[in-house]
1. Need the full-extension length gain, residue 88 to residue 35, defined as separation in residues times 0.36 nm minus the C-alpha distance. One decimal, nm.
2. Which FRET efficiency value, to the nearest 0.05, is calculated for residue 44 and residue 4 with the Förster distance at 41 angstrom and r the Cβ-Cβ distance?
3. Please give the contour-minus-distance gain from residue 51 to residue 70: 0.36 nm per residue of separation, less the Cα-Cα distance, rounded to one decimal in nm.
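Derivation of every value follows stated rules applied to the coordinates shown; laboratory data play no part. A quick note: this is a predicted structure, and the numbers were derived from the prediction, not measured. Counting neighbours? That spans all protein chains shown, and the Cβs are built from the backbone with ideal geometry, glycine included.
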């Protein structure tokens, strides 16, 4: 009987761990997609060309280096949510 209880507890712990991992992966994947769209929009609103975001690297809080199909940009967001964009060589 104790072996059955231990087995059931192990299954429960494993199921919980899988759920947590899937939740974390989904959260970061979704955050990444939203950030890419927001960053692309900020770059385009600043008058630069960016049809597709290829890579995003964090350069600090509210600060990103974004590689687009048409160039590389530094995008910063101030406490009011306003973006500033500069082209990176």
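1. Once the chain is fully extended between residue 88 and residue 35, it gains 17.2 nm.
2. Once rounded, the FRET efficiency stands at 0.10.
3. Full extension from residue 51 to residue 70 adds 6.1 nm.
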